[in-house]
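Here is the structure we will look at, set down as structure tokens.
The values are calculated or read from the model by the stated rules, or taken from the named source; none is laboratory data. Note that the structure is predicted; figures quoted are calculated from it, not measured. Virtual Cβ from ideal backbone geometry, glycine too; neighbours counted across all protein chains shown. With ligands, DNA and RNA removed, areas are computed over all heavy atoms of the protein, side chains included. Shrake-Rupley method; radii C 1.70, N 1.55, O 1.52, S 1.80 Å.
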Amino acid sequence: MIGLVDANNFYVSCERVFNPALEGKPVGVMSNNDGCVIARSAEMKAMDIPMGAPSFQLEGLRRQGKIHLLSSNYELYGDMSARLAQLLRDACPDVAPYSIDEMFIYLDGFSDAQCQTLGEVVRRRIRRYLGLPVCVGLAPTHTLAKLANHVAKKQSHYQGVCLLTANSPTTAALLKQLPVSDVWGVGRRIAERLAVSGIRTAWQLRECDPKQLRKRFSVVLARTALELRGTSCLEMNALEQPRQRIMTSRSFGKATGVKAELHAALRRHAQRSAEKLRQQKSLTRAVLLFLTTNRHRKDQPQLAPSAMIPLASPSDDTRIILEAVREGLEQMYRPGFQFMKAGVMLLDLVDAQQYQLSLLRPSTKAHPHLMNTVDTINQRMGQDTIRFGMTEAEAPWQLRCAHRSNRYTTCWDELMEAGTHPGAIAAARVKREQQQLARAQRLAQPRA
Ligand SMILES: [Mg+2]
């Protein structure tokens, strides 16, 4: 059996753990720079506020106290996600995180009844230890587990844990109702093409001849059909093919033309990209940098410079990539422009192992352990524990996040304060509000 553990409204649930007053209220979490809504509580969905609604349109509702809007607090969500994975590892032999709030668990050799019990235990434990609500879907394949999870979320009588066997009448009934586009891995385009052939439900896809599907569509779709029958054939590795390029880019909280600030932003993006590069065990041959001004400001001069710096030999060493960043910025920087966004892209990636095996090439890793050590420390102790060059903690180019909650689990200064004396509670609230205000003021400061 394969289980999929998926947190309900993950970002909002993380916020509620540390601010229980949000429980039962319409809560939304906003994107970078507080631009639009990217996560909604059930109550907010019930108000018909769509995903991606621009924050400024909701400002009125927020002022009237009818909804709560929070800046995204990725540090908190990332840490809660790591804790969720750890809790699962304590309970299950084999865990594979799939996204920030979805994790597969592999339960080979367990009976159906044992899987059901384990699912219930895990769900209770995560709620109790972490405060997060999750649902668990159990089935013989990834595709059916995803579906079981969907059912556990939608149908309350399952109480958050749904086990589907391949050939039960329940599974058949579900698949007959389910539009094929809701099947994991079937995109809108494939669904349209399937509809032309009269395949509209998940059940019809399951009944298709895999050989025909392979010939007319793709091997992935043929496998999906087999998965719906209960034959496990999707490898997690196949789902996560190494990327061909890696990009990290962000809009600034506030436009800037100061070279040192642009350099700091690019440096940070480069470090993040290099981490991702090493995670997927690739090397990069070239570094592309870019800056863009705010194209909506027609009153300001516009420029979108970029620079591409090829590396002497493929590398995953942050220091070499940072040197390319420095060189690239020298090339593309022009004074007199207010830039709104910066990005770093690593291009032309090669497989690190294959590359190093070829005898004619010099070793590209002068200090293989150094980068591994940096990554391990940052994974264990938190992002940016070790970093290259200076990065101001709250530099003006950093994200706008006027409504961010505290980083309760990763920042000493922002820990939760507990007390029973009404005076202490009031004092803690005042302190929290002062911290928020100070943060907002720092971000709003005029620039030299
Ligand atoms: Mg989720």
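For the stretch 35-62, name all the residues that are at positive phi and open to solvent by 50 Å² or more (accessible area, probe 1.4 Å). Lay out the reasoning, then the answer.
The first filter runs over the stretch 35-62 and keeps only residues at positive phi, leaving 48, 52.
Selection gives 48 alone.
Does residue 275 count as within 30 Å of residue 351 (Cβ to Cβ) and among the acidic types (Asp, Glu)? Steps first, answer last, please.
Details: within 30 Å of residue 351 (Cβ to Cβ): yes; among the acidic types (Asp, Glu): yes.
So residue 275 fits the description; yes.
Could you give every pair whose Cβ atoms fall below 7 Å, whose first residue belongs to the stretch 172-197 and is farther than 15 Å from residue 227 by Cβ, and whose second residue is open to solvent by 20 Å² or more (accessible area, probe 1.4 Å) and among the polar types (S, T, N, Q), counting only separations of at least 6 or pairs across chains?
176/201; 179/201; 188/181; 191/181
Based on this model, can you work out whether residue 340 counts as in the same structural domain as residue 272 (by TED's automatic domain parsing), part of a strand (DSSP E or B), modelled with pLDDT under 90 and closer than 30 Å to residue 300 by Cβ?
For residue 340, the condition - in the same structural domain as residue 272 (by TED's automatic domain parsing), part of a strand (DSSP E or B), modelled with pLDDT under 90 and closer than 30 Å to residue 300 by Cβ - is not met.
Any residue at all in the stretch 233-249 that is charged (D, E, K, R), touching a residue at least 12 places away in the same chain (Cβ under 8 Å) and within 30 Å of residue 325 (Cβ to Cβ)? Before you say what the answer is, go through the steps one by one.
Just the residues of the stretch 233-249 that are charged (D, E, K, R), to begin with: 235, 240, 243, 245.
Those left that are additionally touching a residue at least 12 places away in the same chain (Cβ under 8 Å): 243, 245.
From what's left, within 30 Å of residue 325 (Cβ to Cβ): 243, 245.
Yes, the conditions are met somewhere in the stretch 233-249.
Of a type in the set (Ser, Thr, Tyr) and either within 14 Å of the ligand (Cβ to nearest atom) or touching a residue at least 40 places away in the same chain (Cβ under 8 Å) (or both): is that true of residue 72 in this structure?
Details: of a type in the set (Ser, Thr, Tyr): yes; either within 14 Å of the ligand (Cβ to nearest atom) or touching a residue at least 40 places away in the same chain (Cβ under 8 Å) (or both): yes.
Yes, satisfied.
Among the residues of the stretch 280-321 satisfying the criterion of being touching a residue at least 24 places away in the same chain (Cβ under 8 Å) and of a type in the set (Val, Ile, Thr), which is surrounded by the most Cβ atoms within 10 Å (Cβ to Cβ)?
This residue is 287.
Taking the stretch 5-34, which residues are open to solvent by less than 40 Å² (accessible area, probe 1.4 Å) and free of Cβ contacts under 8 Å to residues at least 60 places away in the same chain?
Once the filter is applied, which keeps residues that are open to solvent by less than 40 Å² (accessible area, probe 1.4 Å) and free of Cβ contacts under 8 Å to residues at least 60 places away in the same chain, the stretch 5-34 yields 12, 22, 26, 27, 28, 29, 31.
Can you find, within the stretch 251-264, the residue that is most open to solvent (accessible area, probe 1.4 Å) among those that are touching a Leu at 6+ places or on another chain (Cβ under 9 Å) and over 16 Å from residue 334 (Cβ atoms)? Step through it out loud before you land on a result.
Residues of the stretch 251-264 that are touching a Leu at 6+ places or on another chain (Cβ under 9 Å), as a first pass: 251-254, 256, 259, 262-263.
After this cut, where a residue has to be over 16 Å from residue 334 (Cβ atoms) as well, the list is 251-254.
Details: 251: 46, 252: 3, 253: 16, 254: 61 Å².
This residue is 254.
For the stretch 64-87, which positions are open to solvent by less than 40 Å² (accessible area, probe 1.4 Å) and closer than 17 Å to residue 124 by Cα? Talk me through it step by step, then tell me what you get.
Kept after step one, since they are open to solvent by less than 40 Å² (accessible area, probe 1.4 Å), are these residues of the stretch 64-87: 67, 69-73, 76-81, 84-85, 87.
Scanning the stretch 64-87 gives 80, 81, 84, 85, 87.
Checking the conditions here, which among 34, 94, 101 is more than 27 Å from residue 418 (Cα to Cα), within 16 Å of the ligand (Cβ to nearest atom), modelled with pLDDT under 90 and acidic (Asp, Glu)?
Numbers: 34 fails: within 16 Å of the ligand (Cβ to nearest atom); 94 fails: within 16 Å of the ligand (Cβ to nearest atom).
101 is the lone residue from the list that is more than 27 Å from residue 418 (Cα to Cα), within 16 Å of the ligand (Cβ to nearest atom), modelled with pLDDT under 90 and acidic (Asp, Glu).
Could you please let me know if residue 256 is touching a helix residue (DSSP H, G or I) at 6+ places or on another chain (Cβ under 7 Å), free of Cβ contacts under 8 Å to residues at least 40 places away in the same chain and among the hydroxyl-bearing types (Ser, Thr, Tyr)?
Numbers: touching a helix residue (DSSP H, G or I) at 6+ places or on another chain (Cβ under 7 Å): yes; free of Cβ contacts under 8 Å to residues at least 40 places away in the same chain: no; among the hydroxyl-bearing types (Ser, Thr, Tyr): yes.
When the stated conditions are applied, residue 256 does not pass them.
Could you tell me which residue of the stretch 1-20 is farthest from residue 110 (Cα to Cα), considering only residues that are more than 9 Å from the ligand (Cβ to nearest atom) and not in a helix (DSSP H, G or I)?
19
Looking at this structure, is residue 58 in contact (Cβ under 8 Å) with a residue 24 or more places away in the chain and under 14 Å from residue 4 (Cα atoms)? I'd like the intermediate steps shown before the answer.
Details: in contact (Cβ under 8 Å) with a residue 24 or more places away in the chain: yes; under 14 Å from residue 4 (Cα atoms): no.
No, not satisfied.
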